[in-house]
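Report on the structure given below.
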Ligand code: SF4
Ligand code: SF4
């Protein structure tokens with residue numbers, strides 16, 4: 001059995017599934033030479049005309065550029081530059097409607113041709129004298145991308161490391177109306193073969209297979225003539241059937257190989273290029289002419305001259321149509337591409353780009369008006385016509401449902417959007433439209449998934465970095481701690497503690513913003529302790545100075561009562577001193593309370609005096625008897641009189657305790673009713689004192705001296721009281737009176753009513 005290569009050599013051609021035979025209408029243009037057009041007034045050159053990214057702009061508005069001058073520069077492998085199709089001035093670099101089904105605006109350079117068509121210096125290369133890298137570089141710098149399909153950068157497609165069995169040149173051009181490649185082959189076959197030879201040098205294939213439909217006999221003959229006697233160059237004429245020009249379909253036609261789903265032709269050892277691309281490579285390498293023009297079929301019954309033209313890249317479609325005698329109809333449709341795979345445009349100012357092979361301006365009846373879509377009747381005609389062996393009706397169903405999983409399961413990606421299914425559909429369903437929308441959705445989903453995946457990768461990398469840095473910090477701290485321990489051990493524990501305390505103190509001072517001195521703090525603390533201790537001692541002494549038995553209930557809380565009790569105690573002591581001078585020495589210090597409040601005592605005395613006065617008014621005889629003032633000799637001073645009164649009251653109290661019934665008789669003042677007016681008592685006391693004072697003044701000084709001497713004789717010198725002033729005597733008298741009243745009150749409170 002012959003091998004595949006032997007079968008190819010024998011001229012065998014295979015077939016593919018499906019396909020249709022629409023009217024070709026190629027005869028309108030394949031008999032006329034390619035026309036040269038006048039240079040248009042404006043050229044709109046999109047900065048990106050291929051799959052990939054745009055290059056860096058090298059010119060600015062106002063610059064004059066020469067024909068063939070690069071306007072952009074490729075900055076990565078997926079970029080190819082664009083060039084000035086003619087000499088002129090850069091008018092603008094702005095957004096302009098793109099030549100794309102989306103009609104989105106994209107960055108476009110507007111060039112005003114100057115009519116001189118002045119070339120930049122050119123540097124042709126001899127393919128036999130340069131290496132493949134130089135050839136690849138020239139191809140890229142010339143801005144060459146696929147001219148028969150999506151516009152994939154050619155220098156990437158032909159820069160392969162894998163072995164290539166077959167280089168297939170696509171010269172089928174199966175779509176109706178389009179004859180651009182046909183005319184190019186008829187007129188420039190030798191240039192095309194020169195371009196193929198450069199590709200052969202780059203790819204080193206076993207054989208070159210040029211596939212061309214059998215409705216292009218002139219082109220086929222021209223190619224065969226250009227090939228001559230070259231070995232392993234085969235021109236294979238395939239039956240005219242749409243879409244024989246599809247990449248996978250042509251591979252199957254010429255090699256009987258099928259490209260697996262989701263794989264590339266290179267995976268089965270095949271590289272395919274378009275004849276227009278081969279021509280552009282030849283021009284770029286041999287003549288240093290970048291891709292600045294291309295052959296475009298301008299067809300349609302609204303045109304006076306349907307023909308192929310060599311159009312400059314950037315030529316507005318409207319200029320192209322006008323150059324061919326365009327007569328627009330109402331509701332005129334303009335289609336870029338053929339009637340099967342082309343797309344309509346609304347803005348006729350969009351330019352010719354590197355992939356524009358045809359412009360159709362049909363009349364309303366020429367292609368038939370689009371009719372209303374009807375429901376699928378499951379006839380299966382679409383599946384029969386599909387060259388990719390797909391199930392178009394199932395793809396339609398899942399496209400409408402936006403079920404991307406099912407679309408993937410039914411291999412939507414293998415659809416070449418040839419439109420054969422829609423062409424045969426009796427329900428007039430625009431199937432390709434649904435597939436394009438579904439593909440766009442899938443691409444968007446894949447983009448989002450890719451972005452999410454990249455974001456996750458960045459997040460994972462960040463998390464890993466943070467964890468690594470944390471671990472490094474931990475290890476570093478451990479090392480530093482170990483170093484500190486070693487240093488402390490070396491310098492001694494005491495030094496360590498002192499340093500730690502000092503550091504802690506410094507930290508505290510820094511944190512609080514204060515700079516307290518340590519010694520000051522300690523001194524302040526000691527001072528407060530001493531104050532507290534002194535206060536406690538004082539308090540204890542005060543309790544000792546006031547015996548518990550002399551304190552009336554509530555004395556501790558009532559300072560006035562405490563003062564009265566103290567005065568009473570002093571009076572007792574004085575009395576005792578008079579009676580037993582030796583006892584004074586023991587009691588007097590306690591009687592004289594240092595904290596005696598003279599003011600309060602004076603008030604109490606005033607109250608006592610008022611009581612006495614009132615009593616004197618009520619019972620003059622009773623007052624006269626016990627009042628010391630009345631019984632005292634004139635030389636006795638008021639102080640002694642007060643003391644005597646106090647003593648008398650004390651006796652009365654004692655008597656009352658022993659003989660309660662006698663109290664009423666002997667001490668009527670002590671049991672004065674509670675309602676006695678204190679004011680009146682004070683007045684009486686004052687009167688008594690005044691009387692005493694008067695008597696004292698009337699007495700002769702010798703008497704006073706004698707009395708004093710008598711007193712001094714009665715007491716030892718060391719126990720004699722110091723001489724007192726009249727004010728002091730009055731004060732003491734008041735105190736004594738207060739004591740008396742307090743006692744009386746106490747007695748009154750203790751007696752049952
Ligand atoms: S457009 Fe797609 S589904 Fe329809 S016939 Fe072509 S390849 Fe098949
Ligand atoms: S050709 Fe149209 S009507 Fe028939 S099965 Fe396909 S989609 Fe449905």
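Label 7 Å along Cα→Cβ of residue 408; segment 427-454 residues with amide nitrogen under 15 Å?
Counting only backbone N, you get 439-453.
Hey, how much of the P(r) for segment 67-183 falls beyond 21 Å, as a percent of Cα pairs?
57 percent
Taking N as the number of residues in segment 333-416, what value does Rg over Cα atoms divided by 2.2 N^0.38 Å take?
In units of the 2.2 N^0.38 Å rule of thumb, it is 1.37.
Please report the antiparallel percentage of the DSSP beta bridges confined to segment 197-343, to the nearest 5.
Working: 8 of 14 bridges.
Among the beta bridges of segment 197-343, antiparallel pairing accounts for roughly 55 percent.
Using a Förster radius of 45 Å, what is the FRET efficiency between residue 240 and residue 112 based on their Cβ-Cβ separation? Nearest 0.05, please. Mind showing how you got there, number by number?
Working: r = 44 Å, r/R0 = 0.98.
Calculated value: 0.55.
Please provide three numbers in whole Å: the alpha-carbon extents of segment 209-274 along the principal axes, with the largest listed first.
Rounded to whole Å, the extents work out to 37, 27, 18 Å.
Principal axis lengths of segment 376-510 from Cα atoms, whole Å, largest first?
For segment 376-510, the Cα extents along the three principal axes come out at 103, 29, 18 Å.
Summarise the long-distance tail of P(r) for segment 296-360 by giving the % of C-alpha pairs beyond 19 Å.
On the way: 381 of 2080 pairs.
Percent of Cα pairs beyond 19 Å in segment 296-360: 18.
Got the relative contact order for segment 273-354 handy, in percent, Cα pairs under 8 Å and 6 or more residues apart?
Numbers: 98 pairs, mean separation 20.9, N = 82.
Once normalised by length, the contact order is 25 percent.
Over all directions, the average projected area of the alpha-carbon convex hull for segment 253-345 comes to how many nm²? Intermediate values should be presented prior to the final figure.
Numbers: hull surface 36.5 nm².
Over every viewing direction, the Cα hull of segment 253-345 projects on average to 9.1 nm².
Write down the percent of antiparallel bridges among all DSSP beta bridges whose residues are both part of segment 296-360, to the nearest 5. Intermediate results must be reported in sequence, preceding the final value.
On the way: 10 of 13 bridges.
Just about 75 percent of them are antiparallel.
Taking N as the number of residues in segment 271-419, what is its alpha-carbon radius of gyration divided by 2.2 N^0.38 Å? Intermediate results must be reported in sequence, preceding the final value.
Details: Rg = 19.2 Å, N = 149, 2.2 N^0.38 = 14.7 Å.
In units of the globular-protein estimate, segment 271-419 measures up at 1.31.
At what distance in angstrom do the alpha carbon centres of segment 209-275 and segment 1-69 lie from each other?
16 Å
FYI, it's all coordinate maths here, none of it is from the lab. These numbers come from a predicted model, not from an experiment. Methodologically, a virtual Cβ is constructed for each residue, glycine included, from the backbone with ideal geometry; neighbour enumeration extends over all protein chains shown.
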